[in-house]
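Peer 1: Have a look at this one before I ask anything.
The values are calculated or read from the model by the stated rules, or taken from the named source; none is laboratory data. Not measured: the values here are computed from a predicted model. Cβ placement follows ideal geometry from the backbone for every residue including glycine, while neighbour counts extend to all protein chains displayed. Surface accessibility is based on the protein's heavy atoms, side chains included, excluding ligands, DNA and RNA. Shrake-Rupley method; radii C 1.70, N 1.55, O 1.52, S 1.80 Å.
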Amino acid sequence: ASTPDPADIKRLMAARERLDLRPLVIHTNYLVNLATLDPEIRAKSVLSFRGELDRARDIGADYLVVHPGNYKGQTIEQGLEAFALGLAEASAGFNAPGLTVLLENTVGSGAQLGQRFEELRMIRDLTARETDLPIAYCLDTCHLLAAGFNIVEPSGLDQTLASAERFLGMELVKVIHTNDSKGGLGSHLDRHANIGHGTIGEAGFRLLLTHPKLRT
């Protein structure tokens, strides 16, 4: 990807100031897979993620969201370690006060990391040993439902948030990525729908938006 034009960055910063757009959250490209041990894919992923970090710093982003990746051909433990080491390699010598990397939960299809909150917590703990880069979490509503979290029912949402509090700490859940889901509960289908037009529906988002733990 190209380096952002300085003039465009100035216009972005002016628009943010004028419209009070905070925080600025951006997402890495979907080809980044820091959990792989395939030499070619890993080298490209590390280089690509460093580029994402550099661009996030240049445009003054507050959060950079990344998927934990795919551990195909390895054990899950190897995948977790590979991600932590890959992120540390990509961020070596990097400095951007105010920028936090957010680990996003996944639907858990195939060999995806990040379906379970425990995995996200392990990734953060492992990564903290290798780098000083701040790490927190982003929860995607479509991914939650497809992974088996019943967020469309009051009791299910309560259980989901209690689990997030236990394993992640709600103070570290910095972003809720609000997407409806084309797949049903536990489908492991990563297909987003417009809000109100999927299996979460308007009633599900009403629950999310009014839940006391999500209104701070």
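Peer 1: Quick test for you: out of R129, R121, pick the one residue that is charged (D, E, K, R) and at pLDDT 95 or above.
Peer 2: R121
Peer 1: Evaluate the following for G148: is it open to solvent by less than 30 Å² (accessible area, probe 1.4 Å) and modelled with pLDDT of 95 or more?
Peer 2: Considered against the rule, which asks whether it is open to solvent by less than 30 Å² (accessible area, probe 1.4 Å) and modelled with pLDDT of 95 or more, G148 comes out as no.
Peer 1: Across the stretch 45-59, what is the total count of residues that are of a type outside the set (A, V, I, L, M), under 24 Å from L21 (Cα atoms) and either open to solvent by less than 30 Å² (accessible area, probe 1.4 Å) or in contact with a Cys (Cβ under 6 Å, 6 or more places away or on another chain) (or both)?
Peer 2: 2
Peer 1: So how many residues does the stretch 85-142 have that are open to solvent by 10 Å² or more (accessible area, probe 1.4 Å), part of a loop (DSSP other than H, G, I, E, B), over 12 Å from L53 (Cβ atoms) and of a type in the set (A, V, I, L, M, F, W, C)?
Peer 2: Of the residues in the stretch 85-142, 1 are open to solvent by 10 Å² or more (accessible area, probe 1.4 Å), part of a loop (DSSP other than H, G, I, E, B), over 12 Å from L53 (Cβ atoms) and of a type in the set (A, V, I, L, M, F, W, C).
Peer 1: Same structure, new question: Please go through the stretch 35-80 and pick out each residue that is in contact with a strand residue (DSSP E or B) (Cβ under 9 Å, 6 or more places away or on another chain), closer than 18 Å to I135 by Cα and assigned to a loop (DSSP other than H, G, I, E, B).
Peer 2: Matches in the stretch 35-80: A35, A61, D62, H67, P68, G69.
Peer 1: Restricting to the stretch 171-209, count the residues that are part of a helix (DSSP H, G or I), open to solvent by less than 80 Å² (accessible area, probe 1.4 Å) and more than 26 Å from A111 (Cα to Cα).
Peer 2: 6
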